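Okay, so here's the structure we're looking at.
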Amino acid sequence: MHFVRRFKKGGLIAAFFLLLPISGAVFGAPDSAEVAERLKLAAQSAKMYQAPVWSGLLHAENGHANITDKDFLLSSPDFSVEREMQATIDFLYQGASKNVCRFPARYYWLKQQLNAPALALDSCPDIAEFRKKAPLDEISLVFASEMISQPSSMLGHAFLKFSGKNDQGQVVSHAISFYTDANTYNIPKLLFDSLVVGKQGYFSLSPYAEKQQRYVDEEQRNVWEYQLNLDAFHRELIRLHILELKQAKLTYYFHSYNCATLINFILSLSGKPIANDVWVTPKELIRNADAAGLIADTRVTTPSRWLFAALSNQVSTEERRAIVQQVKQGAFADNSAQAGTEYAFIRLELARAYNQYAYLAGELDKARWQDNERTYTQIKAARYPEMSLESTSRYNPRYTPKESQVSLATQYDSSGASLVLGMLPVSHTLKDDNRSYASESNLQLFDVAIKTSLRSGKTQLDHLTIFDMTSLVPYDEITGGLSSRFHIAIEQQLTNSLTSTQAMVLGGAVGRSKRIYDDIDLYVLAGGGAGSTGRNGFLYTNIEAGLILREVWDMKSLLSLSRNNSQIETGAHYNSLNFTQSKFIDSTHTIQLDWRRDMSTSSQKNMVAIRFKKLF
C-alpha cells in the first residue's frame with residue numbers, strides 16, 4: 001500500500017484494516033459508522049496524522065493552528081492534528097453527502113492514502129465552477145518585488161498562478177492571492193493591528209494579466225514567475241485546498257500568517273520537505289521552494305522605468321537623450337553604423353523601454369505609443385531575432401541574501417568598552433550587501449540591541465527600532481526619483497553637551513540620491529520629527545548627506561555627515577560624522593567596522609566598534 005511505505009510504524013495493522021471489505025463486496029454493505037470506524041483505525045495505526053501533508057492541509061505547525069475558524073477546525077477548541085483527522089473522517093463518512101464539498105482536499109488526500117470509498121466530489125457546484133474558470137495544467141509561484149516606500153509592499157508579495165486550457169481550447173491564467181487591507185500610511189496602527197490584533201484576510205481569484213499589469217506597469221515592480229514541478233495529483237490537491245481556504249475565516253498576521261506563510265503551507269502539499277521559518281517572508285518562500293526542488297523554470301517581467309535605468313548605463317548621456325527625442329517624435333531608426341550589433345540592440349531595447357514608460361507616465365499618446373511599438377517589433381524581428389535581454393541572477397529572489405540577522409560587536413566609547421548584541425528579525429540595513437535590490441535601501445522591523453558594559457557589567461537597551469525605512473532611489477533627469485526615510489524607535493538622543501538620554505522618536509525625511517557611477521551613490525535627506533523621554537516631549541530637525549561605495553573584494557563603505565537640531569534640549573544642536581566599512585565574507589557572514597564622531601559647540605566624543613554579523 002502506498003501509505004504503508006510512507007508511514008512505517010503500524011503499517012501491518014493498517015494494512016489489515018484496509019484489507020477489510022470497506023466496500024461490502026464480501027460481507028455485505030457496512031453502514032457509514034462502520035466505514036468511518038475502519039478508516040479511523042487504519043489512519044490511527046499508520047499515524048497518518050503525523051504526515052507533513054496533513055499538517056499543511058490544516059495550516060498547523062508544532063501543534064499550533066494558524067486558522068482558528070471553528071468551521072475549519074472540526075476538533076476546536078481541543079485541537080490537535082490527530083483529533084482533527086478523526087473528526088474529519090467522521091464528518092466526511094457519517095455526515096451529509098454535501099460535507100465533502102466543505103473539505104474536498106482533505107477527502108482527496110485521505111482517499112488516496114486509505115483507498116477509501118469514493119464520495120460525490122464532482123457534484124459540488126463550487127468545484128465544478130472553479131475547475132471551469134481556472135483550468136490547471138500548470139502552477140507557478142509568483143513574486144512581485146518589494147516597494148520599500150509603501151507599507152503594504154515593503155517585503156514584496158507572493159501569490160500563485162494557475163494556467164491551463166479552458167473548454168474553448170484557450171490558454172488562460174489566474175492569480176490566486178492572499179492579502180489584507182494595508183493601504184495606509186499610519187504605520188503605528190498598521191503594525192499594531194497586523195502584529196497584535198490581526199487583520200481580516202482575503203482571498204482573490206483574478207485574471208493574471210490584470211495582476212501583472214498592476215505590478216509591472218502601475219507600480220513598476222519586477223515580477224518573477226517560478227513554474228512548480230508538480231504532478232497532476234498534487235496540482236488538483238492544491239486547487240481543492242484553495243476552495244477549502246476560501247470558505248474559511250482567515251486572520252492575517254504580518255509576522256506569522258501572511259501571504260508567504262499561507263503559500264508555504266500550500267507548497268507542503270507537494271509532499272516535499274518545506275522549511276517553516278519563524279518569519280516566512282516572500283523571498284524566503286522562494287528560497288524554500290528552491291531548496292525543496294520544486295522550481296522547474298523561471299521567468300521575469302521587468303518594469304519599463306527599471307529597464308530604462310539599467311540600459312541607460314550602457315549608452316552615453318548624449319545617446320540616451322537622442323533616443324528619448326526619437327521616441328517622442330516617432331523617428332527612431334536602426335540605420336547607424338552599429339546596426340545589427342549588440343550595441344544597436346541595446347539602443348533598440350532602450351527605446352522600447354522608454355516608449356512604454358513615457359506612455360504610462362502620460363508623456364506619449366496612445367497612437368504614438370502603438371506606432372513606436374510596431375516599429376520596434378519589426379526591427380527586432382528583422383535584425384535581432386536571436387538576441388534577448390537577460391536579467392542578472394543577483395536580482396533573483398532565489399539567490400538574494402537572507403533577511404534575518406544577528407550581530408555581536410565590541411564597542412568603545414566615552415563610557416568605556418562594552419559588548420553589543422543585536423537582532424534584526426527581518427530585512428536589511430544600508431550597511432548590508434544590497435546589490436540584489438534595484439537601489440540602496442534600508443528596512444528594519446523590530447531591530448533590537450542590548451549593550452553590556454565590560455567595566456560595570458551593567459546591561460541596558462541600546463536601541464529598539466520598531467520600523468525604519470530608507471529608500472535611496474537614484475534621481476534621473478528623465479524619469480525622476482525621490483528618496484525618503486521614515487523612522488520609529490526607542491534610542492539614545494543627545495543633548496548639547498553630548499550626554500545621552502533614551503527617548504521614543506518618530507520622524508521622516510525626503511531628499512535626492514544620485515548614482516554618479518555604477519558603484520557610487522550620493523544622497524541628501526532633510527526632515528524632522530517628534531520625540532518623548534517619558535517626561536518631556538520635543539521636536540527636532542535634521543539634514544544628512546552621505547556617500548555609498550560598493551567596492552571590489554565584496555566590500556562596502558558608507559560615509560555620512562548630519563546636523564541635528566533641538567533634540568532633547570531646546571536650542572541644542574550637534575553634528576555627527578559616521579563611517580562604516582563592511583566586508584562580506586560570504587552570503588551569510590559580514591565583518592563591519594563602525595566609527596562615529598559627535599560634535600557640538602562645547603564637546604565632542606567618539607565611538608568605534610567591530611561587529612560580526614550572521615544572516616539566517
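The values are calculated or read from the model by the stated rules, or taken from the named source; none is laboratory data. The structure displayed is predicted, hence computed values, not measured ones. With ideal geometry, Cβ positions are generated from the backbone for all residues, glycine too; neighbour counts draw on all protein chains shown.
Key figures
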quantity	calculated
Hits in the range 527-545 - residues which are among the hydrophobic types (A, V, I, L, M, F, W, C) and surrounded by 16 or more Cβ atoms within 10 Å (Cβ to Cβ)	Phe538, Ile543
Subset of the range 78-106 that is under 16 Å from Leu39 (Cα atoms) and free of Cβ contacts under 8 Å to residues at least 24 places away in the same chain - its residue that is surrounded by the most Cβ atoms within 10 Å (Cβ to Cβ)	Thr88
Set Asn288, Asn313: member being under 35 Å from the mean Cα position of the chain (by Cα) and in the same structural domain as Asp371 (by TED's automatic domain parsing)	Asn313
Considering residues of the range 123-150 that are more than 16 Å from the chain's Cα centre (by Cα) and more than 24 Å from Val100 (Cβ to Cβ) only, the residue surrounded by the fewest Cβ atoms within 10 Å (Cβ to Cβ)	Asp137
Residues within the range 267-318 that are closer than 30 Å to Leu195 by Cα and either in a helix (DSSP H, G or I) or hydrophobic (A, V, I, L, M, F, W, C) (or both), tallied	20
Unmet criterion (only one of (1) hydroxyl-bearing (Ser, Thr, Tyr); (2) buried (at least 18 other Cβ atoms within 10 Å of the Cβ); (3) not in a helix (DSSP H, G or I)) for Ser391	(2)
Residue within the range 217-228 that is within 30 Å of Asp476 (Cα to Cα), assigned by TED's automatic domain parsing to the domain that holds Phe162 and free of Cβ contacts under 8 Å to residues at least 12 places away in the same chain present	no
Check on Ala248, surrounded by fewer than 23 Cβ atoms within 10 Å (Cβ to Cβ), aliphatic (A, V, I, L, M) and more than 17 Å from the chain's Cα centre (by Cα)	yes
Those strands (runs of 3 or more DSSP E) lying entirely in the range 120-190 with at least 1 residues under 30 Å from His428 (Cβ atoms) and among the polar types (S, T, N, Q)	138-144, 171-179
Number of positions in the range 58-68 that are crowded, with 19+ Cβ neighbours inside 10 Å and either more than 32 Å from the chain's Cα centre (by Cα) or in contact (Cβ under 8 Å) with a residue 40 or more places away in the chain (or both)	2
Which listed residue is surrounded by fewer than 19 Cβ atoms within 10 Å (Cβ to Cβ) and hydroxyl-bearing (Ser, Thr, Tyr), from Thr479, Thr501	Thr501
Those residues of the range 157-189 which are small (Gly, Ala, Ser), surrounded by fewer than 22 Cβ atoms within 10 Å (Cβ to Cβ) and within 30 Å of Gly508 (Cα to Cα), in sequence order	Ala182
Any hit, the range 69-77, residues being assigned to a loop (DSSP other than H, G, I, E, B), in contact (Cβ under 8 Å) with a residue 40 or more places away in the chain, surrounded by fewer than 18 Cβ atoms within 10 Å (Cβ to Cβ) and not assigned by TED's automatic domain parsing to the domain that holds Ser163	yes
Evaluation of Ile346 against (1) part of a loop (DSSP other than H, G, I, E, B); (2) more than 21 Å from Gln213 (Cβ to Cβ); (3) of a type in the set (A, V, I, L, M) (one fails), failing number	(1)
